[in-house]
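Have a look at the structure below, then the notes.
The values are calculated or read from the model by the stated rules, or taken from the named source; none is laboratory data. Please read these numbers as outputs of a predicted model, since none were measured by experiment. Heads up, the Cβs are rebuilt from the backbone with ideal geometry, glycines too, and the neighbour counts pull from every protein chain shown. In case anyone asks, the SASA skips ligands and DNA or RNA and just uses the protein heavy atoms, side chains included. Shrake-Rupley method; radii C 1.70, N 1.55, O 1.52, S 1.80 Å.
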Amino acid sequence: MRENEANGNTTPVHSNQKHKEIAELTKASLPPPQPLPSKGSDEGGEEMATLTLPDGRTHKLRVLKPTCGNQTFIDIRDLLSATNAATFDPGYSSSASCCSAITYIDGDKGTCLYRGYPVHELVEKSHFEEVAYLLMYGEVPAENVRLMFEKQLKSEMLVHERLKNFFTEFLTGAHPMAMLATVVAALSSFFVDPMDLNDAEERELAIIRLIAKMPTIVGMCYKTAVGEPFNYPRMHMSFAENLLYMMFARPLEEYTVDPLHAKIVDAFLILHADHEQNASTSTVRTAGSSRANPYACVAAGITALWGRAHGGANEAVIKMLKEIGDVSGVPDFVQKVKDKKVRLMGFGHRIYKNYDPRAIAMRGLCRQLFEAGTQRDPLFDLAMALEEVALSDDYFVKRKLYPNVDFYSGIVLRAIGIPQEMFTVMFALGRTVGWLSHWKEMIQEQQMKICRPRQLYVGPTERAYISPAEISAERLRAPSPPPRSEPQSEESVSIARQPSDIPRHRTKVVIEAPSIESEYINEFMPTETEMSKHFDFHKVQAMVVKRLSSDRRSTRGEPLGSPFPFIRQSESEWDDHHFNPDDPAPQTPTSRERLDSLSMLSSGSAGG
Ligand code: CMC
């Protein structure tokens, strides 16, 4: 009953015509499940890889081939149980977390296919609702099915009146992504009671509801931000038209949706609809693997999308272009990027090592808008100048950094009057279809193993508890630590911190590495190998790593800079143009730094 109350309907769910149609849709459109290949080894002459472990043991691993592309996938699912060895792959750059038949990207060629269809062709020939159906059900719908699907979507666009109340509590200036994540998670409380994930009809209904209500919620986020009353969706309008109407119609005046703007929004949504196992989609799958409801899973996806490395990049691109100012600022900015002080937002991609086809389409949409008489945005010309300089610069060429979808998408959205803060919300609106297609695929194809990666532990070994009182007492006895504003150059660090400066009773360390040959280690490390009780242990260990790291690089002829290139440089690059190279280094090493120190020590090359 609750789900019907949401739309002001009090008739039982399954006597409703709408729900009969859902059942029909569900039956008509279910593609045959494609279960994961079974685990196991060397059956039926399959191609196998052999792993040889350091102790000489060998293990056979199945080799899997995708339907597109020439990559080889090595099935390691039984590796840990069979050998007690695990793989280490932070950021999953070399790991496939699932089988999927939704989207295929060829990063070298710069192609992106939705269920086999090139995305740029879908932008030209299809529309968002049809693409949503294609992504979710695997095929372009027959005309009658398409009409039924679109009718279903429209009939679910209204939200419960009480959902509006959530918006009244947001402060003026609250980021619309915060609103979106909150309200989408709150939708669970209107519908889940509890949802049976094994029921295909229930899943289908939840998916249609979520996709349908998203533009309404997005419109409400925008209206809350600008302090105007909400608009309700209209049955005769398309998805894109409804979105523009709910955002821009005002009670005081007539509003007619500009057909070009609706076309641009439609194209934008298609281009953002899916992109295989990106951070937010993987988050949705991870949340779904715990059997969380789809509203909660999509809310998780929204939060993962928010960051600047992912969906937040579109907003960051516009901020960056505004900071550059005009074409004369490009060379200085590019130099800053090459010095790793900032990142060129909207450039680079984990998969594309060529031009992102979505960026080409976005740039085309900008042109279309300006050619049709929309006032030309100087940021567009600036972006093109920046692209030209970057694409002819060795730094970008060597790293295969090309514009991604976000480089021009903000300019497209600005041209149709969508403010910067709404950009990532627009991305989320399109991507909801992809998230739900993956959620559906995961359940339908029984890929529901809970996501639970392993970790390579680099923390303290087991130790006896020390009470805060004991820690304080020991601190009182110990000399006070040096002030934080210590010199930062490599040279001054090594001069200022001679081993004798370090109170030995505060530097008890266990290094679990087979060989420790460095003289620095011997100098710095006490003979006792017990874990330190103090945070100063971290300083000492960090400094050891710093010395070793700079020594290694000086022997390789590399410039001395940050001792932990990954950590420090990426922090500075991300620091939104506020990077200060004189900032003191962090006092506490990260796991990564500890890991670096351990691997340096165990490689035996430490200390030159
Ligand atoms: N500007 C400058 N240098 C870059 C950039 C960039 N945008 N992207 C990567 N690099 C450099 C990076 O410094 C590193 O150099 P080095 O080898 O000297 O250390 C190298 O290229 C590899 O970078 P990475 O960070 O290890 O690559 P990744 O695959 O982990 O990161 C990325 C991919 C998208 C996070 C990254 O390219 C980036 O930060 N781009 C800017 C943010 C952005 O536009 N994000 C939107 C992505 S597309 C839309 C979406 O899916 O959300």
Alpha-carbon centroid distance for the pair the range 394-419 / the range 155-172, whole angstrom: 33 Å
Could you order the peptides 194-200, 182-188, 466-472 from most to least packed, using the average number of other C-beta atoms within 10 Å per residue? 182-188, 194-200, 466-472
Non-local amide H neighbours of Ile74 (under 5 Å, H modeled in plane, Pro and chain starts lacking H): which ones? Leu64
Can you list residues whose amide H is under 5 Å from Glu445's amide H, if they're 5+ apart or on another chain and H is modeled 1.01 Å from N? none
Using a 1.4 angstrom probe and counting only protein chains, how large is the accessible area of Lys125 in Å², to 10? 150 Å²
Give me the percent of accessible area attributable to carbon and sulfur for the range 121-311, probe 1.4 angstrom. 55 percent
Solvent-accessible area per residue for the range 316-375 at a 1.4 Å probe radius, Å²? 47 Å²
Compute the accessible area per residue over the range 385-451, keeping the other protein chains in place, probe 1.4 Å, unit Å². 31 Å²
Of Cys68, Cys98, Cys366, ordered by accessible area with the largest first and a 1.4 Å probe, the sequence is Cys68, Cys98, Cys366
Report the extension gain between Lys319 and Glu121 in nm, rounded to one decimal, defined as 0.36 nm multiplied by the number of residues separating them, less their alpha carbon distance. 68.2 nm
For the range 273-281, Karplus-derived ³J(HN,Hα) couplings (6.51, -1.76, 1.60; θ = phi - 60°; whole Hz; x for glycine and proline) come out as 5, 7, 7, 6, 8, 6, 4, 6, 5
Filter the chymotrypsin sites (Phe, Trp or Tyr not before Pro) in the range 225-319 down to the DSSP loop ones having no more than 16 other Cβ atoms within 10 Å, then list what survives. Phe230, Tyr255
Jot down the radius of gyration and Dmax of the range 121-311, Cα atoms only, both in angstrom. 16.5, 48
Can you give me the C-alpha center-to-center distance between the range 261-304 and the range 73-113, rounded to a whole angstrom? 20 Å
List, in the order given, every pair from Lys151/Lys440; Lys338/Lys398; Lys65/Lys398; Lys109/Lys400 whose Cα-Cα distance in the structure shown is over 18 Å. Lys151/Lys440; Lys65/Lys398
Using a 1.4 angstrom probe, figure out how much accessible area the range 121-311 has per residue, in square angstrom, rounded to the nearest whole. 39 Å²
Using θ = phi - 60° and the Karplus curve 6.51 cos²θ - 1.76 cosθ + 1.60, what whole-Hz ³J(HN,Hα) does each residue of the range 54-69 get, with Gly and Pro shown as x? x, 8, x, 5, 10, 9, 8, 10, 6, 9, 10, 10, x, 6, 10, x
